[in-house]
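Since every read-out is calculated from the coordinates, none of them should be taken as a lab result. Computed from a predicted model, the values in this text were never measured in an experiment. Neighbour counts are summed over all protein chains in view; Cβ atoms, including those assigned to glycine, are modelled from backbone coordinates with ideal geometry.
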Amino acid sequence: MQMLKRNGWMRLAAVTMVAVSGVVLAPMGQMAAGGSAVSDATAQQTQPRDLIAEPEIVKVPGSERARFQRQFRNVQWTGAGFEGSTVIDRIPTRELRARLQKVFGDPSQKLKDLIGGSDFRPGHYIQFEYWFVVNDEIPMMVLDIDGPFGNGLVFAGDSRYVDLMPEIKRTLSGKLMGISELGEYEDHYFDINNDQWYLVSYNNGTFTNEKISRPRTLR
């Protein structure tokens, strides 16, 4: 994945410590004292359990966002463990969004859901966020890289379970590639570099990136 999918993580890091929906994602290179993303004492107390069977990946629906944030408010998020290449790393993000829609339904959160908030800054957020809980205990986030213009996805998970992330990613890749048709969707995306809003969609077998004015709810 190289630096959490190269451009995607650099884009997140560009706003220093980006708070994705209130959950802070630290750049992968930023470790705790001692060179580890989690202290030795904490690691000894929370050894990850083995994935005996295929990981069970359950999406967090939009209605459960607050609960997810409370439950995992102390998580140290990291991209470590997701570096291994899978098929989905080489697929356009806009197609992966359609595959995620087909397999898991609507994202846990979209840019549209955040518009109108008192602290909303469009350049700090991205097109879509899928939040997951794996095996009832492991939080994971899957985000777009550069809206509809990149390839692959950005991954973040709990640093305590870093050894399990390669298998979790392979399982997710298999699910996304194991379908024969794509799901239709419609999202908003803001390109901070060009100060341009887009309506991004997949409908009737066609992907579109329509340039639009600033959404009315932000005026």
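In terms of other Cβ atoms within 10 Å, Arg214, Arg67, Arg94, Arg170 run from fewest to most in the order Arg67, Arg214, Arg170, Arg94. For a straight C-alpha distance cut-off of 17 angstrom, the aspartates and glutamates reachable from Lys211 (same-chain residues fewer than eight places away being disregarded) are Asp146, Glu186, Asp187, Asp191, Asp195. Percent of C-alpha pairs per 5 Å bin in the stretch 69-219, short distances first: 2, 9, 18, 21, 20, 15, 10, 5, 1, 0. Shape verdict for the stretch 122-161, please, from the Cα gyration tensor: rounded (a/c under 1.5), prolate (a/b greater than b/c) or oblate. Judged from the Cα gyration tensor, the stretch 122-161 comes out prolate (a/c at least 1.5, a/b above b/c). Fewest neighbouring Cβ atoms within 10 Å first, the residues Tyr198, Tyr189 line up as Tyr198, Tyr189.
When you filter the GluC sites (Glu not before Pro) in the stretch 74-173 for DSSP loop state and at most 15 other Cβ atoms inside 10 Å of their Cβ, you are left with Glu137. From least to most packed, judged by other beta carbons within 10 angstrom and beginning with the fewest, Val200, Val162, Val154 follow the order Val162, Val200, Val154.
Write down the Å³ per residue value for the convex hull defined by the alpha carbon atoms of the stretch 149-219. Spread over its residues, the Cα hull of the stretch 149-219 gives 146 Å³ apiece. Near Ile212, the amide H atoms lying under 5 Å from its own belong to Trp197, Tyr198, Leu199; only residues 5 or more places off or on other chains count, and H is placed 1.01 Å from N.
Listed by chain and number, the lysines whose C-alpha is less than 29 Å from the C-alpha of Lys59, apart from same-chain residues fewer than 8 away, are Lys5, Lys102, Lys110, Lys112, Lys169, Lys175.
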